[in-house]
1. Leaving ligands, DNA and RNA out of it, work out the accessible area of residue 154 with a 1.4 Å probe and give it in Å² to the nearest 10.
2. How much accessible area does residue 119 have with a 1.4 Å probe, in Å² rounded to the nearest 10?
3. Provide the FRET efficiency to the nearest 0.05 for the residue 96-residue 141 pair, computing r from the beta carbons and using R0 = 22 Å.
4. Percent of Cα-Cα pairs per 5 Å bin, from 0 to the last occupied bin, for region 51-170, please list those.
5. Multiply the residue separation of residue 39 and residue 111 by 0.36 nm, subtract the distance between their alpha-carbon atoms, and state the gained length in nm to one decimal.
6. Between residue 158 and residue 53, what length in nm is gained on full extension when 0.36 nm per residue of separation is reduced by their alpha carbon distance?
7. I'd like the accessible area for residue 146: 1.4 Å probe, protein heavy atoms, all chains in place, Å² to the nearest 10.
Amino acid sequence: MAAANIFSNSPLALPKIKGLDLESLKYIRVFCDIHMNKNGPIVVIEDDADDREILDEIFKSLDYKNSIIYFGDSEEALKYLIDTKIKPFLILSDINMPKLSGFALRQKIHTNEDLNLKCIPYLFFTTTSDQKAIVDAYSQSVQGFFVKANSFDKLQRTIKTIIEYWKECE
């Protein structure tokens, strides 16, 4: 798709502003879309209820101001991401899930023009650690691949490291 056509059919197209040319408006639109919403919700996609409970304890103990939105199903998460006007801070996704795998979800987000323009960091947070999964993840342009630790303390340190890193990014 040519750069001149990227925004023409978008529901988020900018209104005409006197004194600004089309190229300037496109730049503003792109900047607004890719600027991270550091106060936005953290979307956690995890089908295992026990893992969600542990993650909830960890997020509460770390006391970040971001709300945490949990989905046990990738299809529900995708619907939320498409329908919401709120731009999430980041997405933490398991890989092995029923209905729609984490890989398939990432692909759907990456190929959806509006979601892709939001540039929401997408990180895998999973028990899967085989080399093929890691290579496949990075070939889909994920921003991180983390293996769930076996202990609460290690898991908490990993979550803290992830959040602190992305809070520092621009």
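The values are calculated or read from the model by the stated rules, or taken from the named source; none is laboratory data. No experiment lies behind these values; they were computed from the predicted model shown. Note: ideal-geometry Cβ built from the backbone for every residue, glycine included; neighbour counts use all protein chains shown. Only protein heavy atoms, including side chains, enter the accessible area calculation; ligands, DNA and RNA are left aside. Shrake-Rupley method; radii C 1.70, N 1.55, O 1.52, S 1.80 Å.
1. Answer for residue 154: close to 110 Å² accessible.
2. Rounded to the nearest 10, that gives 60 Å².
3. The formula returns an efficiency of 0.65 here.
4. Histogramming region 51-170 at 5 Å steps yields 2, 10, 22, 24, 23, 15, 4, 0 percent.
5. Length gained between residue 39 and residue 111: 23.4 nm.
6. Contour length minus Cα-Cα distance gives 36.2 nm.
7. Here the residue's solvent-accessible area equals roughly 60 Å².
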